Every structure is written in C-alpha cells, then in structure tokens.
There are 2 protein chains.
Amino acid sequence: MKLFETELKVVNIGLESFRQGLSDSGVKSVQAQFKPPLSQEAGLFSKAAGHAAKIAKANKKALDRILAAKPALVGMGVALDVIPGMRKDLILHAGPPITWDRMCGPMRGGIMCALMYEGLAKDAKEAEKLAASGKIKYEPCHEHNAVGPMAGIISASMPVFVVKNEEHGNLSYATQNEGLGKVLRYGAFGPEVIERLKWMEKTLYPTLKAAIESLGRIDLKTMVAQALHMGDEVHNRNRAGTSLLYRALAPAVIKTCKDPETAAKSLEFINGNDHFFLNLSMALSKASLDAGRDVKDSSLVVVMARNGTDFGVQLSGTGGRWFTGPAEVPDALYFPGYTKADANPDIGDSAITETNGLGGFAIAAAPAIVQFVGGKAADALSYTLAMYEITVGESNIYKIPALDFRGTPTGIDVIKVAKSGIRPFIDTGVAHKNAGVGQVGAGVLSAPAEPFVKAFEYFAKRLK
Amino acid sequence: MKLFETELKVVNIGLESFRQGLSDSGVKSVQAQFKPPLSQEAGLFSKAAGHAAKIAKANKKALDRILAAKPALVGMGVALDVIPGMRKDLILHAGPPITWDRMCGPMRGGIMCALMYEGLAKDAKEAEKLAASGKIKYEPCHEHNAVGPMAGIISASMPVFVVKNEEHGNLSYATQNEGLGKVLRYGAFGPEVIERLKWMEKTLYPTLKAAIESLGRIDLKTMVAQALHMGDEVHNRNRAGTSLLYRALAPAVIKTCKDPETAAKSLEFINGNDHFFLNLSMALSKASLDAGRDVKDSSLVVVMARNGTDFGVQLSGTGGRWFTGPAEVPDALYFPGYTKADANPDIGDSAITETNGLGGFAIAAAPAIVQFVGGKAADALSYTLAMYEITVGESNIYKIPALDFRGTPTGIDVIKVAKSGIRPFIDTGVAHKNAGVGQVGAGVLSAPAEPFVKAFEYFAKRLK
C-alpha cells in the first residue's frame, strides 16, 4: 500500500495512449520507445542470433559493395534496344509481380496509356480490352535492371536513361520524368499525356542523348551528395538534383543540338519539372543496390517496391524471391478537392531510394517534406535517426548537414526491422485510386510489416 | 561561513573564463548569457527608452518598406552609362569612404587592376603611381546605389547588373562575379585577372544582357527564398542561387545568342562558379534596404560595409552619415599554405546581405559554413537565433527550414545592438592582406562594436 502514498514516477512501455491516462491524472511518466517485434516467431530471433557473426560478415560484404558503387549516367537508349529481356508485347511495371486482375487503377491507367502510346490500341476502351486479353505480358521493372516511379510503366518504344555502376560494371535503366499532374506514371491516359510522351521520345530524348554522349558520363553519386546539402532527399524533393543535372547538361545541349529552338524547349522542359532528377536518383540507387545482391547469408534489403496493391521486398541473401504484403495508403497533403478516400495505396519503385539510404531515410536533409503532413523540422531529424536503428551502416558520401554531416542510414537489415518493430520510413507521391486521374497529393508512410516478417522468417528458417 | 559548508551552485554572469575556475574546482555552475552594453552612456539608453514608441513606429515603417521590396533583375549596362554619378576618373569601392593612403592591400590591388583594365596604366607600377596621384577619385559603391563584394571595385567600363525594386522603383547595381582564387575583388591584378575581366566585358556581358532583356525580368526575391530552402544563405554559399539563376537564364541564352560556342562558354563560366549569384543577392539586398532609408527617428541599420580598413554602418534615421571603426580579422578556414597572419581585416559590401536578414543572419539555413571554422549544425542555429535579439522583425519570404520555416531575423536595431552587446554575425571570404595575392580563406566574425556604439550615441543624442 505504501506505493500509493509516495509520488508515482511511471515508465510506460508500449501503447502511448496508456500514458495519456496518467498524464490526465497528473501522474509523472515517461514513454519508453519500445515496439514489440514484428515477428511472433521468437525462436527465429534466437536462431539468427546464433548465426550473428556469419550474418554480420555477409551484410558487411553486401553493404561494402553498395557503398563502393559508382553510378554514372552514361547514355540513353530505347527500352527495346537496351533493357535486357525487353519485348514488344511486354510491359514493365513498378513493384513485385502482379496480374492484370489484381492491378490498381493507376497501374491499369498507365498500362492503357502505354498501349495507346505504342499504337497497339486506338482508345482507352480498346486498350483496356487488350491489356486484359492475355496478349500483353507484365513483369516487374526490377527483374530487368530497371526502376520506374509510381506505376513504373516502361513499354518497348520508351527512351530510357542508362546508368552504369562504374565500380561493378552493372547497368540500370529508368525513363525520363514527365513532370507532375496528369501523367502516365500517375495513371492518366488522356491525349495530352500521350502527346507529351511522344514529344519526349521524338525531341527531348535525341537532344539529351546527344548531350550525354558528348559529355561521356555524368557523375550521379557526387550530384546526389551535393543535392543532400541543398535540401533534397532525392525522392520527394529533387529541385537541387534537377538544378545540378541541368547545369551539367545545358552547355552540352547547346553544343550538340543543331536547332536552338529545340535546345531551348528541352531545357525549359527540365526547368519546368523539379522532379526530373527523380528517375535518375532511382536508377542510381538501383545500380548501387544491385551490386549488393546475392551475398549468401546477408539479411540486407536490396529492394523495396510497390505495385499499388502489394508492397514487395527482396533480400541480398534470398536471390530473386519477393516477400509481399498489402500496400498501405500514405499520410499526405492532398491537392484541393481530394482526400485520403481518393488515394491509391502506396505505389512505385521509388522506395529504392530509401533502400539506398536516401528519400525518407535522408528526410532530415529535407524538412520541407514533413511539413506537408504537419510535421516539424525536429520530426524530420527523428525519422532519419530512427532509421539508424534498422540499418547496418552509414553512407560514406551521402551526408546530412543538420546531423553534422553524418552519413545517411544505409543497408536495411531485415532482422533489425523484424526485431525492433521499426518499419522503414518512406516519402512518396500519391496517385488517385482510379485509372485516368493522376496525382492527388504527396506524403509519407512507414512500410507495412508483413513483407518484412515474411522475409525475416524465410531467411531465418533457412540459416544453417 | 555557513555558505562554504553547503554545496555551491554558482551563476556566472559576464566573462565565461571565470566559470572555468569553478569548473576546475568541481563546483557546479551555469553561465548566464549576459553581455554588457556596448555603449557606456547609460543616460542615452534611458533617453531612447523615453522615445520608444516613436522609434518603434519609425522602425516599423522602415522595416515594412524593406520587407515589401520586390527586387528583380531587369537588365545590364556599362557602369559609366547606368550608375548615377559614375565618371571615367572615378573608382567605386566597398565600405565607407577611404583615401588611398589608408587603403588595405587587396583594395589597392583591386584598384591597380581596374586601372590596367581601363587602359589607364600599362603595368602595376604605373597603376600604383596613378592610383596615388590624386587624379583618380574614390567613392563608396553604396553612395552610388551600388554594392561590390570584397574590394568592391567598379570602374567606368565594367558591365553591371541592374536590379529594380519594383515596389518602390529604386535601382541597384553590381558587377558580374569573377569566380574564386586570383580575382580582382580579392586584390589580384595579374594578366590572367585582366584577361578574364575583358572576356566578361566582351563576351559574357552581351550574352547575359540579351538573355535578360528577352526575359524582361527575373524575380530575385523568390529565387533567394528558394535558395534558403536549398542550403544557401546567399553570402558564403550561393550554389543554389547560382543554379536557379542558371536554370532561368539558359534557355534565354540559347534563344538570343547567335553563336552556340559563345552561349555554351557563357553558361560554362556560370556553371564553374558557384558564387556567381552572390553579386545579385547583394544587389537584391541593396535595392531592398535603400527603400528603408531616411525614415525620421528610425534606428534601423540600412548599411553594414567594410573597406578592409574600417567597418561602416548607416542608419535609416541618420541619412548618409557613416559610423565607422576598425575592421577585424575573421575566424576562417584558410587555404593550404595560409594562416590568420596572412589575412586582411574584413572587407566588402557583402555584409549588405546580413543587413537584409541573409548571410550570417540566415546561417541556420547553411550549416556547412560553420563547419569551415569547426562549428556544428547546432552552432549555426544558435547564431541565427541570437540575431532575433537585435532585429525588429522577421522576413515574410526568406525562411529557414531548420527553424520550421521561421522568417529570417531582419531589421537590425542599433539600440538593441548597443544595449544587448550582441553584435551582428557575418560570414565572409578572406583576402590576403597584400595587394596582388587573392583569396586565402573563408570564415565568420561578429561585427566590431565601435561603429554601432557611435551610431547609437549619435542617434540617441539627437532624439527630441
């Protein structure tokens, strides 16, 4: 009984709402930042602990390869010509594998747009019929060394950037970014969307291709490092990255493009789209992470990607196997006239940036983004700091000024995620859930637990 | 005696070194952040307090005009043609008025360079003789609506940017930035310096002039607002401002420049100089602050400027009168081979950015700069937070992400400076003290007390 006569000083572990009751009664308390493990299979944590040295060694090997990557923009080409395994009847999409019947609205819209763009369908109705007919095949971008934002659609005629990891020799691919609003990647398919894509194919692509070829290479790694010092996290904010790319490209465009009007229009297109660099920060991340694949016993996450229905994860140590669970709807700032009810669940390969220690993992470099959803600069620092809890290292070049130039948290360890209950923090654009509409907002979310639980349990069970 | 038997808990006010003694003896203490007033004339503080309402009203009027300014880049011209009162035998310089015999090395070097550039002297020896002969006149840039970084030299043939405050109609002027290293503004005068200046006059200037004219205007205020979200404080860091200006200019350069080689070279010059935007952030600040001049009873600082010998201040309520004191040597990161012993005291009109709530006042937006001198990101926040203590308002458009987009501290009140002892925080480049050498580092410093003491006392004595 003596307990109740003295002043109570309570430590609350678990649900923070319990603490509110104490606070309401004037009782002093502190909240312990504890989350239960995501996996209920306690025995698997013990088993993984028993193999800790081996796993740590494997993870170091994978992370060293990722950190040593030297991704550079080395050229452009048409998807059919340059992407391994590309075919005319194949459409690449964001996230893990999915069939037409399970695809979300914006992915269906993006595919319909691509079929009209390719001249395989004359209108939306015909495109929808063809898309569902079984004649068109669908495979993840990630299974072709490519990445695509939002719907992530790549069809045969689309021009793509070619990024080379000059340290390991592997290549990655991404399309040119279309800008915001009614665009294919957000599921829009109106005539203006296709007209823009055609201009990007016929005018922008040859202009940039010639400029890039004249430069030989553009060092993307240094560019991203600088962009992080300039308020970008290179996922939701790419104004600095776009600016630095633009500065590198412009003189080359002038020298290589015969027609000044075309040169000016091409540069104005990039200047009018602060997200132009996004596709390159994604390709840079893909080229870096692919170098860390297939290290035996490594529990590092090498892919996080969403198709708008499922959220998928791949680990270095488990080859090409996808671990999936339902994608969730982000907290977002919605454009006027839209609400969370309009939003499609999380979609796109762009979480490859977070997998590479950028995007939400580097959000302390870009506090403007958390302001979208009512957050403060201190929240941005907290989000990044939390990610150090689930990563095995820090970037050697991507650094955060507000954290005294500490390297970004890099190399997500699925064991740490499963055990700590801290889920990867992702920032993202938000597409309307229906095909044909487009972007409705931008926001943030934590990755769903299920893919990480499945990945951890699969990985741990096979340890020996 | 009882005092010495109990545990001492000391509050130390004043010199922090006293606290070290306590700390060394294991005595607990805290340091109160108190500084003695700069002025010893206590009666003048009482007098100013008696006129507080009138002064506050006047300061609000001046600040409102400064904050309402809409500075835009509207054109370019040759100094002789566009700067009011410019003459062939006149050289404009940074800071308050100064005669040749009192000028520091880098200012003398810059003047010698200008005389050779103008064809008035054939070598350094001849230039030095002419400069000292009395045939050449020297006046502050500030007295001609102009501003110049470091030595701040403007001679008759030099092309200048024309910035218009579209709200109040006043104009300001600044030269094109030459880049780093051996350049006129740091006092260098070798053949390569003059050659570069000639290229800037004959090639860069007509290219940029045509581009700016085709655009009509470039909104500098929005550009600086964006640059603060991108890691610049637009004094020592101008990478973002330079990038944004470049993005605006490039398509116009392509359209208006007949020769692609010239267009490419001009853009490459800007791309190669991340300080290119500095002269425009200075001209923007000058055009904004000039609108706040000559408000009766206003104690706002409208100029802080250094000529490398003296640090000068002007107040809104005291017309064109300069208040001066010796300039001090900054704490700096020195280039290899140089030390503080090589450094010239603080020099340049660039402290106009601080006077306008930018530069050192906005250093929380650019923590990279305090790293130069061993500081942390938290120090950058502290420096900016301290400046709110000596300003009467906050910017309505220049905002700092790390402070949850709080407006920068704007409108230095000389009474607050004199009373609090908090001196304006300035970041800056550092010139070698000898003519002909150039830049030796970059760093930070607090403005000297003397000009503020003189300004406060003069202002307060005349209150009635």
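Could you tell me whether segment A:52-68 includes any residue that is polar (S, T, N, Q) and either without any contact (Cβ under 8 Å) to a residue 60 or more places away in the chain or surrounded by fewer than 22 Cβ atoms within 10 Å (Cβ to Cβ) (or both)? Scanning segment A:52-68 turns up no residue that is polar (S, T, N, Q) and either without any contact (Cβ under 8 Å) to a residue 60 or more places away in the chain or surrounded by fewer than 22 Cβ atoms within 10 Å (Cβ to Cβ) (or both).
Among the criteria (1) away from every other protein chain (no Cβ under 14 Å); (2) over 30 Å from A:Thr391 (Cβ atoms), the one A:Val313 does not fulfil is (2).
Among all positions in segment A:422-436, there is at least one residue which is modelled with pLDDT of 95 or more and either over 30 Å from A:Val183 (Cβ atoms) or within 14 Å of chain B (Cβ to nearest Cβ) (or both).
May I ask you to say which residue of A:Gly109, A:Gly95 is closer than 19 Å to A:Val437 by Cβ and touching a residue at least 60 places away in the same chain (Cβ under 8 Å)? After ruling out the rest, the residue left standing is A:Gly109.
The set of residues in segment B:243-269 being more than 8 Å from every other protein chain (Cβ to nearest Cβ) and either under 25 Å from B:Ile369 (Cβ atoms) or acidic (Asp, Glu) (or both) consists of B:Leu245, B:Asp259, B:Phe269.
Inside segment B:254-294, residues that are small (Gly, Ala, Ser), under 25 Å from B:Lys70 (Cβ atoms) and not in a loop (DSSP other than H, G, I, E, B) make up a count of 5.
Condition check ((1) within 13 Å of chain B (Cβ to nearest Cβ); (2) in contact with a helix residue (DSSP H, G or I) (Cβ under 6 Å, 6 or more places away or on another chain); (3) over 18 Å from A:Phe277 (Cβ atoms)) across all residues:
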| residue | (1), (2), (3) |
| --- | --- |
| A:Gly320 | no, no, yes |
| A:Thr324 | no, yes, yes |
| A:Ala327 | no, no, yes |
| A:Asp331 | no, no, yes |
| A:Gly348 | no, no, no |
| A:Ile363 | yes, yes, no |
| A:Val373 | no, no, yes |
| A:Glu389 | no, yes, yes |
| A:Gly393 | no, yes, yes |
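With the condition kept exactly as written, say whether any residue in segment B:379-399 is assigned by TED's automatic domain parsing to the domain that holds B:Asp297 and closer than 11 Å to B:Asp427 by Cβ.
Going through segment B:379-399, the residues assigned by TED's automatic domain parsing to the domain that holds B:Asp297 turn out to be B:379-399.
Now restrict to residues that are closer than 11 Å to B:Asp427 by Cβ: B:380, B:383.
Yes: one or more hits.
Take the conditions (1) more than 9 Å from every other protein chain (Cβ to nearest Cβ); (2) touching a strand residue (DSSP E or B) at 6+ places or on another chain (Cβ under 9 Å); A:Gly272 misses just one of them, which is (2).
So, in segment B:366-385, exactly how many residues are within 12 Å of B:Asp232 (Cα to Cα) and out of contact with any Pro (no Cβ under 7 Å at 6 or more places or on another chain)? Quick ask: steps written out before the conclusion?
Narrowing segment B:366-385 to residues within 12 Å of B:Asp232 (Cα to Cα): B:366-369.
From what is left, the residues that are out of contact with any Pro (no Cβ under 7 Å at 6 or more places or on another chain) are B:366, B:369.
Residues that pass the stated criteria total 2.
Scan segment B:69-83 for residues that are more than 30 Å from B:Ile397 (Cα to Cα) and touching a residue at least 24 places away in the same chain (Cβ under 8 Å) and the total you get is 3. In contact with a Leu (Cβ under 8 Å, 6 or more places away or on another chain) and either within 13 Å of chain A (Cβ to nearest Cβ) or within 24 Å of B:Val303 (Cβ to Cβ) (or both), is that true of B:Asn344? No: the conditions fail for B:Asn344.
Matching residues to (1) without any contact (Cβ under 8 Å) to a residue 24 or more places away in the chain; (2) over 23 Å from B:Pro106 (Cα atoms); (3) crowded, with 24+ Cβ neighbours inside 10 Å:
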residue	(1), (2), (3)
B:Cys141	no, no, yes
B:Asn170	no, yes, no
B:Met223	no, yes, yes
B:Gln226	yes, yes, no
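Has segment A:275-296 got any residue that is free of Cβ contacts under 8 Å to residues at least 40 places away in the same chain, over 30 Å from A:Ala58 (Cα atoms) and within 13 Å of another protein chain (Cβ to nearest Cβ)? The answer is no; no qualifying residue exists.
The values are calculated or read from the model by the stated rules, or taken from the named source; none is laboratory data. Owing to the predicted nature of the structure, the values given are computational and were not obtained by experimental measurement. Don't worry about glycine lacking a Cβ; one is built from the backbone with ideal geometry, like all the others, and counts go over all protein chains shown.
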